[in-house]
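Visitor: This is the structure I have questions about; it appears just below.
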Amino acid sequence: MVFSSLTFLYLFLPLVLVTYFLFPARYRNFLLLLASLAFYAWGEPRYLFLMLFSTIFDFFIAQLVYRYRQQRLAKRFFVGLSLAVNLGLLGFFKYAGFLSGTLNDVFHLDLAITQLALPIGISFYTFQTLSYTLDVARGQIQPQRSFLKLATYITLFPQLIAGPIVRYADIEDQLSQRTSSWLRSYSGLQRFIIGLGKKVLLANQVGLLWQEVQLLPSSEMSFFTAWLGIIAFGLQIYFDFSGYSDMAIGLGRIFGFDFLENFNFPYISQSISEFWRRWHISLGTWFREYVYIPLGGNRVGRWQEIRNLAIVWFLTGFWHGANWNFILWGLYFGVIIIIEKHFLSQWLQRRSRWLRHLYTLILLAFGWVLFSFEDLSQVWTYSSWLLNPFATTLINQHSLFYLFHFGPLLLVSAILATPLRQKIPMTLPLLIIILLLVTAYLVDASFNPFLYFRF
Amino acid sequence: MNEQQAKRAVLLLVACFLTFGLWFTFQPKQQFFAYENRYLQRFPELSWQTLSDGRFTRAFETYVTDHFPARKLWLQLKGTSEWLLGKAENNGVYFGTNNWLFETWNLNNSHWKANVSQLATFGTWAHEQLPATQLNLLLVPTSSQLYSESLPWFAANDTQAHLLSELTPALPDWNVTDTLSTLYPYRDQALYFQTDHHWTQLGAFYAYQQLADSLDFQAHPFDFWQWETVSTSFTGSYYAKASVPFYSADAIRAAKSPTQLDYVNLETGLSEPLYSQRYLSQNDQYGYFLNGTPAFTQIQNPTQQNGKHLVMIKDSYAHVLAPLLAEHYERVTVIDLRFFNQSLHAYLQAEQVDQLLFIAGATTFNTDMQLGKLQR
């Protein structure tokens with residue numbers, strides 16, 4: 001199920017909220033678990049058991065890791081087993097088709113592995129279960145003794161299918177003891193409705209422009225249209241994903257969980273390094289905690305540090321999808337960040353703030369081109385349209401139509417992507433207006449994709 | 001905000017969710033939604049099979065969306081806010097000026113060409129097998145072709161003129177009426193509905209005058225007909241798609257003749273008047289003409305004993321034209337190929353057909369019309 005559907009908003013959500021708060025606290029984890037399983041099964045009935053298997057497996061393996069914490073070899077064995085099983089499942093379901101295809105190409109083999117449908121949310125919950133086992137292994141937390149509580153954590157429906165990636169350590173206490181108050185619930189609902197608005201009223205709507213631009217034959221493309229299109233995509237993916245995170249954080253808050261923030265106005269960044277501290281924060285944190293720092297981070301030689309960064313950015317790209325364009329996308333940012341770190345940042349510091357913004361946004365635009373086309377030749381074509389005003393024409397009738405048709409929406413979206421948004425008082429009447437508009441757009445919805453469900 | 005105020009706010013919001021949820025659950029469900037002129041999703045079949053492959057849940061979500069309480073109001077709220085945001089269209093319908101709504105027109109080359117080639121094949125067959133039958137073709141352009149000055153700024157509007165003019169060389173066995181040039185001089189009049197994709201009977205009247213030459217009859221002048229405004233509350237297909245309630249409804253004018261003909265449904269044998277009043281109290285008022293979607297009907301004119309027989313192969317654009325043509329023929333047979341399941345060849349060969357008129361909207365001709373039935 002997705003949050004931005006009438007079924008969720010008007011049937012599932014009120015049912016869950018009312019039931020949850022009617023029952024005393026000791027039943028609430030169980031109710032949440034039931035709700036989460038129903039939520040997952042609604043969209044992905046076949047893979048429900050895969051998720052349950054991961055949960056049961058990690059419950060026991062973490063106990064074993066903890067029991068053998070003094071015995072180096074045994075502990076390593078169980079940690080290794082956990083990594084192998086979790087990453088193996090992720091690899092099988094997400095990467096089997098890509099890997100066999102690549103092997104076939106490189107070694108001229110004929111492996112016939114067809115790619116299965118990707119189980120929704122597997123990239124997210126796998127990283128959550130891994131963080132749990134790894135934190136137990138590092139002695140930072142004790143394993144959860146109650147299967148119910150662990151299952152509640154892993155399947156928790158607000159963040160189950162598109163993050164943020166919540167680390168067990170962050171909500172360990174809240175699994176046993178949650179405070180609820182009207183103020184908390186109100187602030188959660190507020191956050192949820194803001195996210196809903198971002199998703200339905202902004203992301204879906206600017207997404208229509210990107211969809212149209214993508215379908216334009218190259219004979220009707222222009223320099224101006226190409227830029228409008230990629231700007232629309234940048235705004236779409238931001239509002240889509242950050243809207244989803246807002247909804248997750250808001251729902252979590254209603255039920256008494258505090259999830260960490262996942263976005264912090266990424267488009268106001270003045271460098272790519274800063275962008276990645278503001279974009280999908282929970283993923284960056286995860287890779288830093290469980291890959292970069294264990295590899296030695298930046299406390300090693302310059303070349304090893306560069307190697308570590310390269311590994312992290314390769315993995316970041318690969319995590320987003322089993323395709324070369326995602327790998328290149330990750331490496332693209334890795335290279336920029338390495339360059340910024342060693343050369344560019346001093347130079348940028350001496351330039352005006354606006355130039356730094358422009359520099360960042362232009363590099364991001366090319367990043368989104370890489371991200372959005374799985375076919376690399378299309379990446380190349382589209383980039384050339386952006387780079388060369390004479391590759392097509394400068395401007396044509398379509399460009400002007402899009403400018404008039406989508407201009408106000410793009411302007412509003414761009415403003416709302418900056419901290420100016422926080423100046424709007426999110427009062428109850430405004431929330432109700434957003435809710436009404438969202439409902440209207442959902443009743444008439446023909447276009448409602450969730451970009452981050454692919455991951 | 002304090003705890004008390006927060007409590008009230010939370011209860012209010014949850015009450016919103018609950019109210020619509022309960023309202024949806026307990027309201028009686030309609031099968032047909034007149035405003036959008038379509039059937040709504042039925043409650044999906046529930047079984048292990050449909051549950052496990054996700055068909056149930058997908059259909060269920062459509063079911064909720066389709067039957068959501070006060071659906072029409074939500075559609076209009078969305079249309080209005082799109083309009084306020086300066087959007088040029090909603091659901092593929094442009095917000096024009098002067099109360100005009102237009103459909104976006106994008107040529108589907110493969111459908112268009114396939115349809116032309118089916119007509120050509122039929123033409124070749126008819127040339128040999130029905131030498132006495134004259135073939136005529138009339139495609140009705142979209143309103144955006146005639147009233148393009150009311151389109152939003154920079155709206156794409158591929159011209160249909162060259163498509164229509166290319167028909168003559170492509171179809172040597174057909175007599176093609178250039179509808180665009182015929183209608184163009186009269187474009188200051190209401191040739192099309194502003195909120196629907198159809199042309200009006202006035203638009204059809206000018207085409208009828210033009211057809212008189214090629215079909216060889218003496219067209220009655222404008223004043224012969226009693227032009228009667230039968231409705232002022234018609235909101236058509238564009239209106240529902242755009243859903244901007246401040247665009248005003250169309251009037252329907254009907255050309256009535258003193259002869260007051262009926263038509264006979266050739267499948268049931270029942271006969272009805274050409275204009276049926278009961279549609280005017282419904283949403284789809286265009287059904288006033290020829291009773292909605294006649295599949296296989298015949299208009300017999302006892303005042304004309306000339307023996308002439310016209311067969312119209314048509315879509316709904318014909319419904320306003322047929323009553324005018326019927327004045328000049330002893331028999332006009334109206335066939336909608338979609339619902340026609342006999343052999344057309346056998347029918348045409350068995351009947352004595354003097355003239356055949358293929359008439360469709362350019363929009364219809366731009367889709368897969370499944371004209372394979374022309375060759376059977």
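The values are calculated or read from the model by the stated rules, or taken from the named source; none is laboratory data. Note that the structure is predicted; figures quoted are calculated from it, not measured. With ideal geometry, Cβ positions are generated from the backbone for all residues, glycine too; neighbour counts draw on all protein chains shown. When the accessible area is computed, the model is the full protein with side chains, heavy atoms only, and any ligands, DNA or RNA have been set aside. Shrake-Rupley method; radii C 1.70, N 1.55, O 1.52, S 1.80 Å.
Visitor: Given the whole protein assembly as supplied and a 1.4 Å probe, what does the accessible area of A:F127 come to in Å², nearest 10?
Guide: 10
Visitor: Here is a further query. Could you please state, rounded to a whole Å, how far the C-alpha centre of the stretch A:1-54 is from the C-alpha centre of the stretch A:152-218?
Guide: Centre-to-centre distance over Cα atoms comes out at 15 Å.
Visitor: Normalise the Cα radius of gyration of the stretch B:25-69 by 2.2 N^0.38 Å (N = residues in it) and let me know the number.
Guide: Computed over Cα atoms of the stretch B:25-69, the ratio equals 1.24.
Visitor: Which sequence of B:H197, B:H67, B:H162 reflects their accessible areas, 1.4 Å probe, from the largest down?
Guide: Listed by decreasing accessible area, they come as B:H162, B:H197, B:H67.
Visitor: Also, I was wondering about something else. Of A:I395, B:I313, which has the most accessible area with a 1.4 Å probe, and how do the rest follow in descending order?
Guide: The residues order as A:I395, B:I313, largest area first.
Visitor: How large is the dipole of the stretch B:82-223 about the Cα centre if only Lys and Arg carry +1 and Asp and Glu carry -1, each at its Cβ, rounded to the nearest 20 debye?
Guide: 220
Visitor: Using only the Cα atoms of the stretch A:308-369, what are the Rg and Dmax in Å?
Guide: Reported Rg and Dmax, both Å: 12.9, 39.
Visitor: Once you order the gyration tensor axes a ≥ b ≥ c over the Cα atoms, which shape class does chain A get: rounded for a/c under 1.5, otherwise prolate or oblate by comparing a/b with b/c?
Guide: oblate
Visitor: Another question, then. Mind checking the mean number of beta-carbon atoms from other chains within 10 Å of the Cβ atoms in A:38-44?
Guide: Across the residues of A:38-44, the mean count of other-chain Cβ atoms within 10 Å is 2.
Visitor: Take every residue in peptide A:178-189, count the Cβ atoms of other chains within 10 Å of its Cβ, and give the average of those counts.
Guide: Going residue by residue through A:178-189 and averaging, the value is 5.
Visitor: What ³J(HN,Hα) values, in whole Hz, does the Karplus curve 6.51 cos²θ - 1.76 cosθ + 1.60 give for the stretch B:12-21 when θ = phi - 60°, with x put for Gly and Pro?
Guide: 5, 5, 5, 4, 4, 4, 5, 4, 5, x
Visitor: What number in nm² do you get for the stretch A:184-454 if you take the convex hull of its Cα atoms and divide its surface by four?
Guide: 16.2
Visitor: In debye to the nearest 20, how big a dipole does the protein assembly as shown give about its Cα centre with +1 on each Lys and Arg Cβ and -1 on each Asp and Glu Cβ?
Guide: Around 5060 debye, computed over the protein assembly as shown.
Visitor: If packing is taken as the mean number of other Cβ atoms within 10 Å per residue, what is the order of B:298-307, A:366-375, highest first?
Guide: Those peptides, ordered most packed to least, come out A:366-375, B:298-307.
Visitor: Let me confirm one metric for peptide A:392-399, namely the mean number of other chain beta-carbon atoms within 10 Å of its residues' beta-carbons.
Guide: Per-residue shielding by partner chains comes out at 1.
Visitor: If you don't mind, another one. Among the lysines, select those whose C-alpha is under 23 Å from the C-alpha of B:K308, and discard any that sit fewer than 8 residues away in the same chain.
Guide: List returned: B:K256.
Visitor: Of all accessible surface on the stretch B:25-69 at a 1.4 Å probe, what whole percent is carbon and sulfur?
Guide: About 56 percent, which is the carbon plus sulfur part of the accessible surface.
Visitor: Moving on to the next point. For the stretch A:6-178, treating each Cα as an identical point scatterer without solvent, what Debye log10 I(q)/I(0) comes out at q = 0.09, 0.15 1/Å?
Guide: Scattering profile of the stretch A:6-178, log10 relative to I(0): -0.37, -0.90.
Visitor: Moving to a separate point now. For the stretch B:272-347 and the stretch A:129-146, what is the separation of their C-alpha centers, rounded to whole Å?
Guide: 77
Visitor: Debye sum, Cα scatterers, the stretch B:136-284, no solvent: what log₁₀ I/I(0) at q = 0.08, 0.09, 0.10, 0.22 1/Å?
Guide: Log-scaled intensity ratios, in q order: -0.29, -0.36, -0.45, -1.44.
Visitor: Using only the Cα atoms of the stretch B:101-375, construct the convex hull and provide its projected area averaged over every direction, in square nanometres to one decimal.
Guide: Quarter of the Cα hull surface area: 14.2 nm².
Visitor: Follow-up question, since we're still on this one. For the stretch A:390-402, what does the Karplus curve 6.51 cos²θ - 1.76 cosθ + 1.60, with θ = phi - 60°, yield as ³J(HN,Hα) per residue in whole Hz, taken in order and with x for Gly and Pro?
Guide: 9, 5, 10, 10, 5, 7, 9, 4, 4, 4, 5, 4, 4
Visitor: Among A:W303, A:W313, A:F366, which residue has its Cα positioned farthest towards the positive end of the charge dipole of the stretch A:299-372, with +1 placed on the Cβ of Lys and Arg, -1 on the Cβ of Asp and Glu, and the dipole taken about the Cα centre?
Guide: About the Cα centre, the residue reaching furthest to the positive side is A:W303.
Visitor: Another question, if that's okay. Checking the cross-link filter: which lysines have an alpha carbon closer than 17 Å to that of A:K198, excluding same-chain neighbours under 8 positions apart?
Guide: Of all the lysines, those that pass the test against A:K198 - Cα under 17 Å, at least 8 places apart if same chain - are A:K423, B:K78.
Visitor: Here is a follow-up. At A:R178 and A:R138, where each label point lies 7 Å from the Cα along Cα→Cβ, what is the point-to-point distance in nanometres?
Guide: In this crude label model, A:R178 to A:R138 measures out at 2.6 nm.
Visitor: In 10 Å bins starting at zero, report the fraction of Cα pairs in the protein assembly as shown per bin as a rounded %.
Guide: Going from the shortest bin to the longest, the percentages are 2, 11, 18, 20, 17, 13, 10, 6, 3, 1, 0.
Visitor: Which shape class applies to the stretch A:1-106: rounded if a/c is under 1.5, otherwise prolate when a/b exceeds b/c and oblate if not, where a ≥ b ≥ c are the square roots of the Cα gyration tensor eigenvalues?
Guide: oblate
Visitor: Would you calculate the convex hull of the Cα atoms in the stretch B:23-126 and tell me its volume per residue in Å³?
Guide: 230
Visitor: Right, something else. Per-residue accessible area for A:I339 at 1.4 Å probe radius, Å² rounded to 10?
Guide: Counting only protein heavy atoms, the figure is 70 Å².
Visitor: Turning to a different aspect of this structure: Rounded to the nearest 20 Debye, what is the dipole magnitude of chain B about its Cα centre when Lys and Arg each give +1 and Asp and Glu each give -1 at the C-beta?
Guide: 1320
Visitor: Run through the stretch A:318-395 and list the trypsin sites (Lys or Arg not before Pro) located in a DSSP loop whose Cβ has at most 11 other Cβ atoms within 10 Å.
Guide: Counting only loop positions with at most 11 other Cβ atoms within 10 Å, the trypsin sites (Lys or Arg not before Pro) in the stretch A:318-395 are A:R350.
Visitor: Return the calculated 222 nm mean residue ellipticity for chain B, to the nearest 500 deg cm²/dmol, obtained by summing -39500 (n - 2.57) across DSSP H runs with n ≥ 4 and dividing by the residue count.
Guide: Computed ellipticity for chain B at 222 nm equals -10000 deg cm²/dmol.
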